[in-house]
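To keep things clear, I will list the structure first and then write my remarks on it.
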């Protein structure tokens with residue numbers, strides 16, 4: 001738990017627990033292994049620790065405590081005074097570079113150890129950010145909320161944005177300033193309110209309404225209440241198989257037929273032969289006379305016009321033959 005976290009209710013941890021400074025725990029706390037309590041932590045109930053107990057300055061446990069391991073009470077004031085005296089003496093000697101180097105090594109080692117500790121914890125850990133408030137009615141987080149898989153939560157969630165995993169069961173509503181992403185196979189017994197986008201995953205069900213700027217809903221998801229989205233509602237669909245081919249007969253009836261796959265070892269296809277063309281001097285007519293075909297919009301030629309066209313063609317052919325003979 002981060003700094004300034006408030007929890008109203010019992011806490012049970014199967015492994016270690018670490019509570020940062022200025023946090024308030026309102027009831028009984030049970031720890032399966034070791035417990036670390038920062039400065040100015042207050043526990044209204046009783047504390048049970050199976051392992052070691054590390055307690056900071058000004059920690060109040062009003063219900064008493066039981067610890068089966070070592071009990072360490074830290075007091076950071078002497079350490080700070082020692083560092084102050086050390087820096088003062090080194091500055092008097094004019095060794096500013098050594099002071100800077102010592103301070104950098106001190107803080108770098110602490111940051112590396114903290115990062116290594118977080119990485120070694122694995123996925124089965126509950127992280128509560130600083131300033132969060134948890135109660136049976138409300139879970140209030142100031143920043144982004146990330147919920148893992150197979151979680152069961154009771155109470156309303158208020159956060160800047162919410163991103164959940166799969167198989168979530170939430171008995172409460174979600175209030176978010178940003179986006180809300182609900183994973184697959186999740187069940188929400190409440191409403192979803194967001195000023196951003198809301199996305200509902202596959203096979204998820206919302207026993208309530210949705211009010212957001214936009215909604216992206218999977219085709220297999222279900223919402224029992226009303227959806228209000230000024231920017232629109234979109235539906236996601238999985239990649240489906242291609243539909244079967246269909247045939248329509250003359251009466252308009254549709255017959256479905258399956259797509260047949262061609263065998264692998266097929267002989268190469270033979271080229272298509274073009275039909276023999278009809279020679280010009282053949283007695284068989286290849287097509288009708290173009291002049292005798294009626295075309296809508298074309299004016300019919302008079303007999304005088306047709307006679308002039310024939311004479312022009314005849315005169316032109318005779319002049320062409322004369323030119324050919326003179327050239328020979």
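If I ask for residues that are surrounded by 19 or more Cβ atoms within 10 Å (Cβ to Cβ) and in a loop (DSSP other than H, G, I, E, B), which ones from the range 46-57 would you list?
Within the range 46-57, just 56 meets the criteria.
Can you tell me which condition residue 150 does not meet? The list is (1) in contact with a strand residue (DSSP E or B) (Cβ under 7 Å, 6 or more places away or on another chain); (2) without any contact (Cβ under 8 Å) to a residue 40 or more places away in the chain; (3) in a loop (DSSP other than H, G, I, E, B), and all the others hold.
Among (1) in contact with a strand residue (DSSP E or B) (Cβ under 7 Å, 6 or more places away or on another chain); (2) without any contact (Cβ under 8 Å) to a residue 40 or more places away in the chain; (3) in a loop (DSSP other than H, G, I, E, B), residue 150 violates only (1).
Please tell me if residue 82 is closer than 26 Å to residue 16 by Cα and either assigned to a helix (DSSP H, G or I) or at pLDDT 75 or above (or both).
Numbers: closer than 26 Å to residue 16 by Cα: no; either assigned to a helix (DSSP H, G or I) or at pLDDT 75 or above (or both): yes.
No, not satisfied.
For the range 198-210, name all the residues that are crowded, with 18+ Cβ neighbours inside 10 Å and assigned to a strand (DSSP E or B).
198, 199, 200, 206, 210
Looking for whichever is over 22 Å from residue 151 (Cβ atoms) and at pLDDT below 90 here; the options are 244, 229. Which one fits? Spell out the reasoning first.
Details: 229 fails: at pLDDT below 90.
Going through 244, 229 in turn, the sole match is 244.
With the checklist (1) surrounded by 16 or more Cβ atoms within 10 Å (Cβ to Cβ); (2) modelled with pLDDT of 90 or more; (3) in the same structural domain as residue 63 (by TED's automatic domain parsing) in hand, flag the one item residue 1 doesn't pass.
If we test residue 1 against (1) surrounded by 16 or more Cβ atoms within 10 Å (Cβ to Cβ); (2) modelled with pLDDT of 90 or more; (3) in the same structural domain as residue 63 (by TED's automatic domain parsing), just (3) comes out false.
How about the range 24-33: which of its residues are in a loop (DSSP other than H, G, I, E, B), modelled with pLDDT of 90 or more and touching a strand residue (DSSP E or B) at 6+ places or on another chain (Cβ under 7 Å)?
The answer is 32, and nothing else.
Could you tell me which numbered condition residue 144 fails, if it satisfies all but one of (1) under 19 Å from residue 127 (Cα atoms); (2) modelled with pLDDT of 90 or more?
Going through the list (1) under 19 Å from residue 127 (Cα atoms); (2) modelled with pLDDT of 90 or more, residue 144 breaks only (2).
How many residues does the range 141-168 contain that are within 16 Å of residue 8 (Cβ to Cβ) and surrounded by fewer than 17 Cβ atoms within 10 Å (Cβ to Cβ)?
Here the count works out to 2.
For the range 161-183, which positions are in contact with a strand residue (DSSP E or B) (Cβ under 8 Å, 6 or more places away or on another chain) and under 21 Å from residue 238 (Cβ atoms)?
164, 165, 168, 181, 182, 183 - these are the residues of the range 161-183 that are in contact with a strand residue (DSSP E or B) (Cβ under 8 Å, 6 or more places away or on another chain) and under 21 Å from residue 238 (Cβ atoms).
Looking at (1) in a strand (DSSP E or B); (2) closer than 18 Å to residue 221 by Cα, which is the one condition that is false for residue 167?
For residue 167, the exception is condition (1).
Being more than 37 Å from the chain's Cα centre (by Cα) and within 19 Å of residue 130 (Cβ to Cβ): is that true of residue 39 here?
Taking the combined requirement at face value, the residue satisfies it.
The values are calculated or read from the model by the stated rules, or taken from the named source; none is laboratory data. Predicted model only: the values in this text are computed from it and were never measured. In this analysis, Cβ positions are derived from the backbone assuming ideal geometry, glycine residues included, and neighbour counts consider all displayed protein chains.
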